[in-house]
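Trainee: Dropping a structure here in structure tokens format, bear with me for questions.
The values are calculated or read from the model by the stated rules, or taken from the named source; none is laboratory data. Note that the structure is predicted; figures quoted are calculated from it, not measured. Backbone-built Cβ (ideal geometry, glycine too); neighbour counts: all protein chains shown. Side chains are part of the model used for accessible areas, which takes the heavy atoms of the whole protein and leaves out ligands, DNA and RNA. Shrake-Rupley method; radii C 1.70, N 1.55, O 1.52, S 1.80 Å.
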Amino acid sequence: AQSVTQLGSHVSVSEGALVLLRCNYSSSVPPYLFWYVQYPNQGLQLLLKYTSAATLVKGINGFEAEFKKSETSFHLTKPSAHMSDAAEYFCAVSDQSGGAQKLVFGQGTRLTINP
Amino acid sequence: DAGVTQSPTHLIKTRGQQVTLRCSPKSGHDTVSWYQQALGQGPQFIFQYYEEEERQRGNFPDRFSGHQFPNYSSELNVNALLLGDSALYLCASSFLSGGAVTQYFGPGTRLTVL
């Protein structure tokens, strides 16, 4: 079965600094991978997705992620953090076993931005 | 174009009661999935509906049931509520197709069981 591990439940960076959120996956087939963001008291918003077209994926709000098969990783980065980036971030892998394409999520990483 | 909508926003119930949560998918979408997000956790898959049938169920007891209507909207029912059912319930809609299916999430329903 597919699974996702997010390293670091909390990440804190200064405004303007690099953001790096780590995600490693386990999949027996070529994976479809997603990053979602959740602001307080809200649902999940899609940031970006990997579908095997290109290893470097650009998303909304200046975020991007690189798929590295050799490392089974899909880390999320942003060159310069903004206060509005403070939120919970979830990495997910698509699991198609059982007939339905469902998402398997990591535990999440809470990103704090320091002024 | 309206996104995924869910109702109600918040709900407070007592142990043993029953609850019904509702979801309207994004326009053009035919598939609805339900997830449970406990506090401090990632969402967990409950089940998925397509063509008014349950396609797959996650590791949840039979107290959790659902329904999809001809207009693709969906309900999640939970019977005999337990304290542990307190969570954010998220509905996600998608269009069934090959390849990578993107699921779009609603704002969720916060259920508190006392």
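Trainee: So which of A:A92, A:A53, A:A1 is within 13 Å of another protein chain (Cβ to nearest Cβ), open to solvent by 60 Å² or more (accessible area, probe 1.4 Å) and touching a residue at least 60 places away in the same chain (Cβ under 8 Å)?
Mentor: Testing whether each residue is within 13 Å of another protein chain (Cβ to nearest Cβ), open to solvent by 60 Å² or more (accessible area, probe 1.4 Å) and touching a residue at least 60 places away in the same chain (Cβ under 8 Å) leaves just A:A1.
Trainee: Also, I was wondering about something else. When only residues in the stretch B:28-55 that are touching a Ser or Thr at 6+ places or on another chain (Cβ under 9 Å) and among the polar types (S, T, N, Q) count, which is farthest from B:A87 (Cα to Cα)?
Mentor: So, considering only residues that are touching a Ser or Thr at 6+ places or on another chain (Cβ under 9 Å) and among the polar types (S, T, N, Q), the one farthest from B:A87 (Cα to Cα) is B:T31.
Trainee: Is it the case that B:R55 is part of a strand (DSSP E or B), open to solvent by 70 Å² or more (accessible area, probe 1.4 Å) and under 20 Å from A:S94 (Cβ atoms)?
Mentor: Taking the combined requirement at face value, the residue satisfies it.
Trainee: Within the stretch A:68-106, which residues are over 18 Å from A:L18 (Cα atoms) and in a helix (DSSP H, G or I)?
Mentor: Passing the criteria: A:K69, A:S70, A:E71.
Trainee: Additional query: Since A:P30 meets every condition but one in (1) open to solvent by 80 Å² or more (accessible area, probe 1.4 Å); (2) away from chain B (no Cβ under 14 Å), which condition does it not meet?
Mentor: Checking A:P30 against (1) open to solvent by 80 Å² or more (accessible area, probe 1.4 Å); (2) away from chain B (no Cβ under 14 Å), the one that fails is (2).
Trainee: Next question, about the same structure. Of everything in the stretch A:61-89 that's surrounded by fewer than 20 Cβ atoms within 10 Å (Cβ to Cβ) and of a type in the set (K, R), which residue is nearest to A:Q38 (Cα to Cα)?
Mentor: A:K68
Trainee: Can you tell me how many residues within the stretch B:68-114 are more than 14 Å from chain A (Cβ to nearest Cβ) and out of contact with any strand residue (DSSP E or B) (no Cβ under 9 Å at 6 or more places or on another chain)?
Mentor: 2
Trainee: Quick check on my filter: what residues within the stretch A:33-57 are part of a strand (DSSP E or B) and farther than 19 Å from A:S70 by Cβ?
Mentor: Scanning the stretch A:33-57 gives A:F34, A:W35, A:Y36, A:V37, A:Q38, A:L44, A:Q45, A:L46, A:L47, A:L48, A:K49.
Trainee: Could I ask something else about it? So, of the residues in the stretch A:12-32 that are small (G, A, S) and not in a loop (DSSP other than H, G, I, E, B), which turns out to be nearest to the chain's Cα centre (by Cα)?
Mentor: A:S26
Trainee: Can I ask one more? Looking only at the stretch A:95-104, decide whether some residue is in contact with a Gly (Cβ under 9 Å, 6 or more places away or on another chain) and under 24 Å from A:S12 (Cα atoms).
Mentor: No.
Trainee: So, one more: Report, by residue number, each residue of the stretch B:4-41 that is touching an Asp or Glu at 6+ places or on another chain (Cβ under 8 Å) and open to solvent by 70 Å² or more (accessible area, probe 1.4 Å).
Mentor: Scanning the stretch B:4-41 gives B:R22, B:S27.
Trainee: Okay, next question. When the residues of the stretch B:24-67 are narrowed to those that are of a type in the set (G, A, S) and farther than 22 Å from B:G3 by Cβ, which ends up farthest from the other protein chains (Cβ to nearest Cβ)?
Mentor: B:S65
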